[in-house]
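Comments concern the structure below.
A short reminder: the numbers here are calculations on the coordinates, not readings from a lab. Model, not experiment: these values are computed from the prediction. All Cβ positions, even for glycine, are placed from backbone atoms using ideal geometry, and neighbour counts span all protein chains on display.
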């Protein structure tokens, strides 16, 4: 959706220097998150149990970049505008926070233009815009005061927090908030800051002095810390042209359905790649496979890797289908529809899993499976 950036800046009375330049990985990050949000909106609007969707951007910036492309939260507002008329019984709330007051005004002007371009002078009462002008940690600290809006019965909240470095967000505040509320989170953690200086006290202090052992996946540690005891998580890395990791987008959810849908967003955005890396040139090498065939090969490779992890980490006992599925969703790029074909059936063929056939030979999802430690698998 186009916005007249010169008109917006003129209304607010500032120059384009107030806006950030957008890097290539930023575009893919936005595409990934908004791909998930589009499906989140669809599922939420179709649910008989929900009546409110809340999107909260804790560090929203100006909502637009110098090239005129919209940011994540303003694109979500555009998605809300499309849904509000189609689902008049649903309420849609966009809450954004930005410490720079001038950028707050730019954001509000963009949302106004988006609303007018969609509805002109029409009154739409089921979509609302709220804003805050605070430091991110002050914003998080005040969030419990807004439980009537964000934590009401029938509501679902998705947070997006995208800081500039790993030293900004108080992870303990964020974890405590998430731990007591039914909500999801996309969090951009700058793992590169930790990689460059693993003993950085400023980073550690953001996460209760957490000490990440050498050789361990730092993003996994941070994701475990933020998710607490009640939520599931998955993280996806972004790298530069030299293949050095820049940051990881950590996704936290209280519901396995969230993991299923975030995998769909990943495959839609990155075509099954394990991470996003900036291209060295603008030219893309053509694949020798068609899209479907290439994805089958990728999934087969991911299946082999997660099979090895199961062999390494499972102990001899019965596992439900749901337990195996959650392990696959959490630890691989595979989605919910890939578990039987690329994980369970191959492990049965290898003699590693035994299907108990409690609901017949063909029913996998309502069955349990005995993991067997055999010679050669540890």
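Take 243-256, 71-84, 212-225 and order them by the average number of nearby Cβ atoms within 10 Å per residue, most first; the result is 71-84, 243-256, 212-225.
Using a Gaussian network model of the chain in which every pair of alpha carbons under 10 angstrom is joined by a spring, one finds that among 264, 323, 31 the greatest mean-square fluctuation is at 323. Within the listed set 360, 303, 258, the Gaussian network model of the chain (springs between alpha-carbon atoms below 10 Å) gives the highest mean-square fluctuation for 360. Sorted on the mean count of surrounding Cβ atoms within 10 Å across their residues, most packed first, peptides 41-49, 125-133 read 125-133, 41-49. Given axes a ≥ b ≥ c from the Cα gyration tensor, I'd like to know whether the range 201-254 is rounded (a/c under 1.5), prolate (a/b larger than b/c) or oblate. It is oblate, given that a/c is not under 1.5 and a/b is not larger than b/c.
Give me the percent relative contact order of the range 291-371, please, defined on Cα pairs under 8 angstrom at least 6 residues apart. Mind dumping the intermediate values first?
On the way: 79 pairs, mean separation 29.3, N = 81.
Rounded, it is 36 percent for the range 291-371.
Note on the chain: GNM, Cα springs under 10 Å; of 262, 116, 37, the largest mean-square fluctuation is that of 116.
The simple Förster model, with R0 at 56 Å and r as the Cβ-Cβ distance, assigns residue 354 and residue 2 a FRET efficiency of 0.45.
Using the Cβ-Cβ distance between residue 135 and residue 18 with R0 set to 25 Å, the FRET efficiency works out to roughly 0.85. With all pairs of different C-alpha atoms in the average, the Kirkwood value for the hydrodynamic radius of the range 5-277 is 19.2 Å. Note on residue 86 and residue 165: the extension gain reaches 24.6 nm, defined as 0.36 nm multiplied by sequence separation minus the Cα-Cα distance.
A protection proxy built from the mean count of other Cβ atoms within 10 Å ranks the segments 331-341, 7-17, 173-183, most packed first, as 331-341, 173-183, 7-17.
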